[in-house]
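Notes follow once the structure below has been shown.
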């Protein structure tokens, strides 16, 4: 297996206390702190292990002309004025900035695969297994894991490096995804050294 | 809005008491009976309303050479010897047989959109809204709804016409999908006459 | 390299003297006879060599409701009344019938990859190189070769097993595709035994 | 019809006299000058007309780790050291710089549609017709037109705003594409004012 780490949506509007989207992460809990700490450790360990690192960012045009207006989730993004391309809110959260040689995939949907370059980035490098972390668990993370499984990739979902503002949905998501991926602790996969 | 009804995986191995997959539907419950009855009524009403009807069937080569061997769900299909193309198990459940002019999409994955003709079938006919029913809720139904939302379709999920052998996962799925689709009773959308 | 043979559009309306599409193959020439003979030999040799065989058929609903009405090529198909699903015209030309265990991919577009199961069929079987034959060279064959190259497959185009009613376009196509595929004689790849 | 202008690969390595790719444009001919002038006029007129403007750039990682090594065309890009992301060669040619609110799609393949956000950008804005210009005609332009036609878009190919270092291939391409698009002069579509 050749591994890549997929880091989904570690962006200010989604993770930072001043970010515009409140429902992706309950910022003031110890769980949120643990999630961000575990994710930083996993990122550091994956870099040390020489894995391909792929950052996926979701962002929209400033006038939301590329936002699908077909469902509550997308409409809410517009109402909140969140994730405008080039804004502070769409930028990487401190500690999750992509490095020069790392891959950045941008999307305007929930799946990291739907109409993005992600599959080409993976196939051209011979990647066969994705290690996924990020948020929100039941939206972008789950959709990305589902798409990866459907097109043949092996997936490990780093459970402690996923989060959602809706803890119940987060848990249900991990439970269902166990049929499509290895749901596993980041420490088991990427021991800190 | 121009509507289509998407009927997912009403196949013997998945729904029939003698079918090989036990976890998609708990056949001997009143809930299962209600689900199948509601789905038949919705199909009849959609036909009466002149909607485009699309049946999605999942099936694999007899030697499973086209089955992805990357996760528990697909591997289980092979272990159970289920859904072999051309077999009784892969055929439509009685009452859900596609009619001559209706569309049949075949897939070897969970999403009805991933690498199938479905999107072309919809775009060529100017369909803008999908009404989705079928099983299992948290696998094929959910993945299909997610993909539809991500590429701009309006989606109504007919809640009483979805089912799963795992009731808890079914409920969690409906709850999450309410952000991506209108989760609604079939009677509200397609009144029987 | 693991090889598959892709046989495109060997269907009555496209190849048979009584078929409805006149511009895909100039039936009454010696070139047409040679093309069909070479293609049959290649199919037999590929079967003998144990390659995966994939037949791609193009077909439309009887009312052409799934036909894109955006360009001359598709509109012409409708005017000619060609390639209706289930008709004699859409069926395999004698000598090119798919065998039981062989793969059949159906499409309503020029590319064999665009919104079909083809890529999943290839990835699930670990195929890395496509050997392409069929017609018309400058439409379906060329589009399929282009798509295959763009997503990382190695492609061999069996030059003597491709044809078009427009010889000039056929030649220009082979010339351009030499940058994307190995344009080669079928004998060099699949020696008859 | 709602129109967009698609401007393909107006980048230094491909168009500038000091660019690294020699075969995309024969820079020192009057035809090259005319092509660039006509393309600038079309871009200005499309902006004046209020069309959506989409720039498509092709670029690769500095180490070409995302380059498919399956065919001559891609391998040549590496040999020439061309189109490295972030380099002068991959940047927009003077006169073709994207403006702030315009869309930029980046690809590592020939088609502008294959695994990019392009289709989502178009669908979310209700675009139904693409007006395509750029180079090289027989590679990226042709592949993009083919893909657009296959998924239902109406296409106008601005013939005087397309170019290739291989004039014969350029002409053959326009001739074949007339079945899939309206091949037309930019003046007929976008009169300069």
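The values are calculated or read from the model by the stated rules, or taken from the named source; none is laboratory data. For clarity, every value in this text was computed on a predicted model and none was experimentally measured. Note: ideal-geometry Cβ built from the backbone for every residue, glycine included; neighbour counts use all protein chains shown.
For the range D:122-134, indicate whether the set of residues that are closer than 17 Å to residue C:172 by Cβ and either in contact with a strand residue (DSSP E or B) (Cβ under 7 Å, 6 or more places away or on another chain) or modelled with pLDDT of 95 or more (or both) is non-empty. Scanning the range D:122-134 turns up no residue that is closer than 17 Å to residue C:172 by Cβ and either in contact with a strand residue (DSSP E or B) (Cβ under 7 Å, 6 or more places away or on another chain) or modelled with pLDDT of 95 or more (or both).
Only residues that are more than 19 Å from residue D:123 (Cβ to Cβ), in a loop (DSSP other than H, G, I, E, B) and either out of contact with any helix residue (DSSP H, G or I) (no Cβ under 9 Å at 6 or more places or on another chain) or at the interface with chain A (Cβ under 9 Å from one of its Cβ atoms) (or both) were counted across the range B:109-143, and they come to 2. The residues of the range D:56-75 that are over 19 Å from the mean Cα position of the chain (by Cα), more than 7 Å from every other protein chain (Cβ to nearest Cβ) and not in a loop (DSSP other than H, G, I, E, B) amount to a single one, D:75. The residues of the range D:137-163 that are touching a strand residue (DSSP E or B) at 6+ places or on another chain (Cβ under 7 Å) and within 19 Å of residue D:71 (Cα to Cα), listed by number, are D:137, D:140, D:141, D:144. Scan the range A:27-47 for residues that are more than 16 Å from the chain's Cα centre (by Cα), farther than 14 Å from residue A:186 by Cα and touching a residue at least 40 places away in the same chain (Cβ under 8 Å) and the total you get is 1. Looking across the range B:150-163 at every residue that is facing another protein chain (nearest Cβ under 10 Å) and in contact with a helix residue (DSSP H, G or I) (Cβ under 8 Å, 6 or more places away or on another chain), the one that is farthest from residue B:183 (Cα to Cα) is identified as B:151.
When restricted to residues that are in contact (Cβ under 8 Å) with a residue 12 or more places away in the chain and either surrounded by fewer than 24 Cβ atoms within 10 Å (Cβ to Cβ) or over 18 Å from the mean Cα position of the chain (by Cα) (or both), the range A:118-133 contains 7. Against the definition (part of a loop (DSSP other than H, G, I, E, B), under 24 Å from residue C:122 (Cβ atoms) and within 14 Å of chain A (Cβ to nearest Cβ)), how does residue B:86 come out, yes or no? No. Residues in the range A:170-186 that are more than 8 Å from chain B (Cβ to nearest Cβ), touching a residue at least 24 places away in the same chain (Cβ under 8 Å) and part of a helix (DSSP H, G or I): A:170, A:174, A:177, A:186. If the condition is being part of a loop (DSSP other than H, G, I, E, B), more than 13 Å from the chain's Cα centre (by Cα) and surrounded by 14 or more Cβ atoms within 10 Å (Cβ to Cβ), then the range B:1-21 contributes B:16, B:19, B:20, B:21. In the range C:31-48 there is no residue matching the filter, namely being out of contact with any helix residue (DSSP H, G or I) (no Cβ under 6 Å at 6 or more places or on another chain) and not in a helix (DSSP H, G or I).
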